[in-house]
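Each remark here refers to the structure printed beneath this line.
The values are calculated or read from the model by the stated rules, or taken from the named source; none is laboratory data. Model, not experiment: these values are computed from the prediction. Here Cβ is always computed from backbone atoms with ideal geometry, including for glycine, and neighbour counts include all displayed protein chains. Ligands, DNA and RNA are stripped out before the accessible areas are found, and what is left, the full protein with its side chains, is counted by its heavy atoms. Shrake-Rupley method; radii C 1.70, N 1.55, O 1.52, S 1.80 Å.
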Amino acid sequence: QTPDPAITELQDWASYLGAGVDETPYGLPISFESDVIRRNVEWLTASPISSINFTPIHALEGTITPQGCAFERHHSGAIELHKDDYRLMINGLVERPLVFTYEDLERLPRENHVYFCECAANTGMEWAGAQLNGVQFTHGMIHNMEYTGVPLRTLLKEAGADISLDKWVYVEGADASSNGRSIPMEKALDDVLVAFKANGEALRMEHGYPVRLVVPGWEGNLWVKWLRRIEITDRAVESREETSKYTDVYEDGVARKWTWVMDAKSVITSPSPQMPITHGAGPMVISGLAWSGHGQITRVDVSKDGGITWETARLGKQGDTKALTRFYLDTEWDGAPMLLQARAMDDTGYVQPTKEQLREQRGENAVYHNNCIQTWYVDVEGKAENVEVS
Amino acid sequence: NEVVQALQDRLTTVEANLAAAASQIGSVAEPAPLKADTYQIGRLALSEEIAAWDVDVLPDGRGLPVGSGDVFTGEEVFADQCAACHGDFAEGVDNWPVLAGGFDTLADEDPIKTVGSYWPHLSTVWDYINRSMPFGAAGTLTADETYAIVAYILYSNDMVDDDFVLSQENFADFEMHNKDGFVLDDRAETEYAAWRTEPCMKNCKEEVEVTMRSVFLVETPPEGGSNSVMNSATIDGLPSFSATGPAFIPAATVAPKAPAATKAIVEEVSAEDQEAQLIDDGKKVFKKCRACHEVGEGAKNGSGPHLNGIVGRTMGSVDGFKYSKVFAAALDDGLVWDDEALASFLEKPKSYMKGTKMAFSGLKKASDQQAVIEYLRTFGE
C-alpha cells in the first residue's frame, strides 16, 4: 500500500488561513453538500406556485429537520408578511372578538415541543404501485421541528370562546389561497400551538412567517400558515380543503372525511435509492425514521428479506410524542441482495400495515394517508430500488 | 480484555443511571399556565374588521352576502376569469382542476372528482371562489360575479338549465350530487382494532417475490428539481426470498462505462464565463494571501499592504505601509505592477524582489498566478 497523500502531503487547508468570522453572517451548508436540497417533481402539479417539494430525508440524520430544507407546500405561493403587519383575529362564538399583534403573542405563556408535520399526501403516489425511485420523493413530505408557541387554548380563553365540545375552531391563513380548516374543539383545547419560532429561530417565509398553526399528529394541511383568523363555529365550515381535497375515496366510491390523524409509519432512509451501499460487504448501519400521530414510537422492526424475518431495531432516543424517532439496525451485510423493510409500532399498540393490508381496506384511490411498509430491493452492488413485493 | 471489561462496566452503569432517571421523570415539560381570569392582551375587534375578514360560508348558507347571478353572465365571467386554467367548459387545462363531469366515476380506477361529481356542498364552491379565486387575483370578484360563476359551473355540470339564476335565497335549496358520498373517519373501527396485534417476527411468509419495480428512476441534477426517467428494468432475473435468504445471488451487472459526458462538459464556454471562473478561482487562491493582505471596501494595511488597486500601481506606493528597502528602491525607480511583474513576483517573491519581507514561498502554477491577478483586478483604489 502506498502512503495516502491526503496525509503525507501538506494540504492547503492545513497551511493557509480559513474564512474569517464574519464571512457569512448567516451561514449556508458548505458547498460540498449542495445536493442536499428540497426538490420538486414538476409534473405533479400544474404550477410551482400551488405545489409541493420534498425534504431530502435520505441525506439527513437525527430527527430535527433544518428549516432550510424542510418541505414546502403552498396553495397560492409563499408570502412575505412583516411582523409589524401581522394581525390575528379571534371571532365567532366568543364573548370578546379580539385582535392580537405579533408582539401580543410573545407576551403570553409559551411552550416548546418537537413535532412532525406530514402532508396527508406523503407516499400518496405509491397507492397504485412503486412510482418514484427515491425516499425523498416517496416519503419526503415530512419535517420535524422544535416549535415555540402559545397554546391555542390560551387564546380561546382570552376571547371567552364557547369551548363546549360540539363546537369547532375554524382557522384561516392570510395568503391568497386563504386556506381554511375546521378543527374540533377537543383537539383545539388539547395540544394545538400558535407557533412563531421553529428550531430556535423565526419561522421561514415558506413555513408561514411570522405565525403558523401547529396541529400535532394531524395532517399538514391543518397546520395553517400565516395564520390570520380563528373563528369559533357551531359546525365544520367544510371548506374546499376539507371536502374536495384531503378526503379519502375508497374502493366503493364512498369517501372518508375528517381523516385527520397520521397513523404510525416508518421508512429506511439509508440505504435507499439515493443512498446506495458503496462500501461492499461488512459492518453497516441501516438508518431510518418512524413516527405516529397517535403518540410515541415504541418499537421498529427491520426485515432484510421482504418480511419473512424481522429484527428489532435500536431507537436512537426514546421517541417524543408525535415527533420523528430515529432507528438503527447495526448489522453486517453479506453482499447478497436484500429486500429491506421497516415496521413501526406506537404506544397504542398499532402496527404499521403492509401495502396489501391498506389496499384491502381502502383500494388504490385514497390518495391520502398511505402509511404502508416500504420495500427497497438492494442488489449485489449495493444499489437500492423502490419495489413492491408479494 | 481489561479495557473491554472496563468499558462494559461503564456501559452497564450508564444504562442503570438512565433507567433510574427515566423512572423518576414524571412530566418532562410543564404546560404553559392558564390564568384564572384573562391576560387582557389583544384588543376588541371592530365590526368592520370582522366583516372584512369573516367571509366564510357554511354549508347551510350562513355567511352568504345578498346578490345573484345567472348562467349567461356566469359564462362570460368564467371565460374571462377562469377559463385560462379550467377551460371554456370547465373541463380543465393541463394539470389544472376539472370542474365539470365525472359523474359516477368515483368507484372507477381513476375517479374524476369534480364540483359536480364529488363536492358535497354548494357553499364550498361559492366560498372557495369568493376567497381564493381567481388564482393570482383572489378577493377581486364581486358577490354577483361569484354567484354567476357558481351558476355557470352548475350549468356546465348539467345540474341546472341555461335560464337558472342563483342567489342567496335559493342557495340552501340546492342539493349536490355527492352529498351523501362521505362518511366520517372510521379507521378506529375498521383498522385499528385489527392492526393492534403482536407482529410476526419469524417465518412470517414462505416466499417473497418482487412484483413491481419503480416506474420512474429519478435524476437529481445539481441545479435542483428532479427528472423522472422511465425505468426499463423488469422483474426478470430478480431472486425470490425465503427464510434461508435469496433463492440465488445474481451476478453483479457490469458497471456501465464512464459516460462520455466528460467530453461534453468541455463545450464552448463564453469569454465572460471564463473570466468569471478565473476570478472565482482567484478568490480561492487568495486565501493563501489574506493572512497578511486585505482587499475590498475598508481594506487596511496589515503585515502586508492592502492590495486595492494593486494592478497597474507603482511598486511600494501604498500610503502608511512600511516597505522593505527593495520596494523603496522600486518606488524611486518608478517600477509598476503590471501583469508580468505580478506574475513573476507571485511565482517566487524572494528571487524576484531580493530582500522583500514577504515570507510567502510563491504560487508555482501559472494558472494560480493568473487567477489571483484577475481577482485583484476587481478591486480598484
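Just the residues that are within 11 Å of chain B (Cβ to nearest Cβ) and either buried (at least 21 other Cβ atoms within 10 Å of the Cβ) or free of Cβ contacts under 8 Å to residues at least 24 places away in the same chain (or both), please, taken from region A:154-167.
Initial filter on region A:154-167 (within 11 Å of chain B (Cβ to nearest Cβ)): A:154-160.
Answer for region A:154-167, where residues must be within 11 Å of chain B (Cβ to nearest Cβ) and either buried (at least 21 other Cβ atoms within 10 Å of the Cβ) or free of Cβ contacts under 8 Å to residues at least 24 places away in the same chain (or both): A:Thr154, A:Leu155, A:Leu156, A:Lys157, A:Glu158, A:Ala159.
Within region B:187-200, take every residue that is facing chain A (nearest Cβ under 7 Å) and either surrounded by fewer than 13 Cβ atoms within 10 Å (Cβ to Cβ) or among the acidic types (Asp, Glu) (or both) and give me the one that is farthest from A:Asp263 (Cα to Cα).
B:Thr197
Pull up region A:24-56, narrow it to residues that are within 15 Å of the chain's Cα centre (by Cα) and not in a loop (DSSP other than H, G, I, E, B), then point me to the one that is farthest from the other protein chains (Cβ to nearest Cβ).
If we take residues in region A:24-56 being within 15 Å of the chain's Cα centre (by Cα) and not in a loop (DSSP other than H, G, I, E, B), then A:Ile52 is farthest from the other protein chains (Cβ to nearest Cβ).
Of all residues being open to solvent by 80 Å² or more (accessible area, probe 1.4 Å) and more than 22 Å from A:Thr101 (Cα to Cα) in region B:31-74, which is nearest to the other protein chains (Cβ to nearest Cβ)? Just the residue, please.
B:Pro31
List pairs: first residue in region B:241-259 and more than 9 Å from chain A (Cβ to nearest Cβ), second residue surrounded by 11 or more Cβ atoms within 10 Å (Cβ to Cβ) and at pLDDT below 50 anywhere in the structure, Cβ distance under 7 angstrom, at least six positions apart or on different chains.
none
Does A:Tyr102 satisfy the criteria of being crowded, with 22+ Cβ neighbours inside 10 Å, assigned by TED's automatic domain parsing to the domain that holds A:Leu222 and of a type in the set (Phe, Trp, Tyr)?
Numbers: crowded, with 22+ Cβ neighbours inside 10 Å: no; assigned by TED's automatic domain parsing to the domain that holds A:Leu222: yes; of a type in the set (Phe, Trp, Tyr): yes.
So A:Tyr102 does not fit the description; no.
Please enumerate the residues belonging to region B:92-120 that are open to solvent by 40 Å² or more (accessible area, probe 1.4 Å) and touching a residue at least 40 places away in the same chain (Cβ under 8 Å). Spell out how you get there, then give the answer.
The initial filter retains those residues of region B:92-120 that are open to solvent by 40 Å² or more (accessible area, probe 1.4 Å), namely B:93-98, B:103-104, B:107-110, B:112-113.
Hit for region B:92-120 is B:Phe103, nothing else.
Looking at A:Thr148, A:Thr138, can you tell me which residue is open to solvent by 10 Å² or more (accessible area, probe 1.4 Å), touching a residue at least 24 places away in the same chain (Cβ under 8 Å) and either under 21 Å from the mean Cα position of the chain (by Cα) or closer than 24 Å to A:Ile373 by Cα (or both)?
Numbers: A:Thr138 fails: open to solvent by 10 Å² or more (accessible area, probe 1.4 Å).
After applying the criteria, what remains is A:Thr148.
Among the residues in region B:213-220, are any in a loop (DSSP other than H, G, I, E, B), without any contact (Cβ under 8 Å) to a residue 60 or more places away in the chain, surrounded by 15 or more Cβ atoms within 10 Å (Cβ to Cβ) and more than 7 Å from every other protein chain (Cβ to nearest Cβ)?
no
Go through B:Ala151, B:Ala172 for me and flag whichever is in contact with a Phe, Trp or Tyr (Cβ under 8 Å, 6 or more places away or on another chain) and farther than 27 Å from A:Asn365 by Cα. Before the answer, list the steps.
On the way: B:Ala172 fails: in contact with a Phe, Trp or Tyr (Cβ under 8 Å, 6 or more places away or on another chain).
The match here is B:Ala151.
If only one of B:Thr114, B:Thr13, B:Thr38, B:Thr105 is part of a loop (DSSP other than H, G, I, E, B) and not assigned by TED's automatic domain parsing to the domain that holds B:Glu145, which one is it?
Numbers: B:Thr114 fails: not assigned by TED's automatic domain parsing to the domain that holds B:Glu145; B:Thr13 fails: part of a loop (DSSP other than H, G, I, E, B); B:Thr105 fails: not assigned by TED's automatic domain parsing to the domain that holds B:Glu145.
Selected residue: B:Thr38, the only one of B:Thr114, B:Thr13, B:Thr38, B:Thr105 that is part of a loop (DSSP other than H, G, I, E, B) and not assigned by TED's automatic domain parsing to the domain that holds B:Glu145.
What tally of residues in region B:191-207 results from selecting those that are more than 37 Å from the chain's Cα centre (by Cα) and either within 30 Å of B:Ile153 (Cβ to Cβ) or outside any loop (DSSP other than H, G, I, E, B) (or both)? Talk me through it step by step, then tell me what you get.
From region B:191-207, those more than 37 Å from the chain's Cα centre (by Cα) are B:193-194, B:197-207; that's our starting set.
Next, from what is left, pick out any that are either within 30 Å of B:Ile153 (Cβ to Cβ) or outside any loop (DSSP other than H, G, I, E, B) (or both): B:193-194, B:207.
Here the count works out to 3.
Of all residues in region A:76-101 being under 17 Å from A:Gly149 (Cα atoms) and out of contact with any Gly (no Cβ under 7 Å at 6 or more places or on another chain), which is farthest from the other protein chains (Cβ to nearest Cβ)?
Looking at the filtered set, the residue picked out is A:Lys83.
So A:Tyr86 fits all but one of (1) open to solvent by less than 20 Å² (accessible area, probe 1.4 Å); (2) over 30 Å from B:Ala52 (Cβ atoms); (3) in contact with a Ser or Thr (Cβ under 7 Å, 6 or more places away or on another chain); what number is the exception?
Condition (2) is where A:Tyr86 drops out.
Here is a yes/no grid of residues against (1) modelled with pLDDT of 95 or more; (2) in a strand (DSSP E or B):
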{"position": "A:Ile277", "(1), (2)": "yes, no"}
{"position": "A:Gly288", "(1), (2)": "yes, yes"}
{"position": "A:Gly293", "(1), (2)": "yes, no"}
{"position": "A:Val300", "(1), (2)": "yes, yes"}
{"position": "A:Ile308", "(1), (2)": "yes, no"}
{"position": "A:Gln318", "(1), (2)": "no, no"}
{"position": "A:Ala323", "(1), (2)": "yes, no"}
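When you look at A:Arg240, is it crowded, with 23+ Cβ neighbours inside 10 Å, within 14 Å of chain B (Cβ to nearest Cβ) and free of Cβ contacts under 8 Å to residues at least 40 places away in the same chain, yes or no? First the steps, then the outcome.
Values: crowded, with 23+ Cβ neighbours inside 10 Å: yes; within 14 Å of chain B (Cβ to nearest Cβ): yes; free of Cβ contacts under 8 Å to residues at least 40 places away in the same chain: yes.
The answer is yes for A:Arg240.
Filter region A:105-124 for residues that are open to solvent by 10 Å² or more (accessible area, probe 1.4 Å) and over 17 Å from A:Val215 (Cα atoms); which is farthest from the other protein chains (Cβ to nearest Cβ)?
It comes out as A:Gly124.
For residues that are small (Gly, Ala, Ser) and outside any loop (DSSP other than H, G, I, E, B), scanning just region A:168-183, find the one that is surrounded by the most Cβ atoms within 10 Å (Cβ to Cβ).
First pass over region A:168-183, keeping only residues small (Gly, Ala, Ser): A:173-174, A:176-178, A:180, A:182.
Filter once more, keeping what is outside any loop (DSSP other than H, G, I, E, B): A:173, A:180, A:182.
On the way: A:Gly173: 26, A:Gly180: 22, A:Ser182: 22.
The selected residue is A:Gly173.
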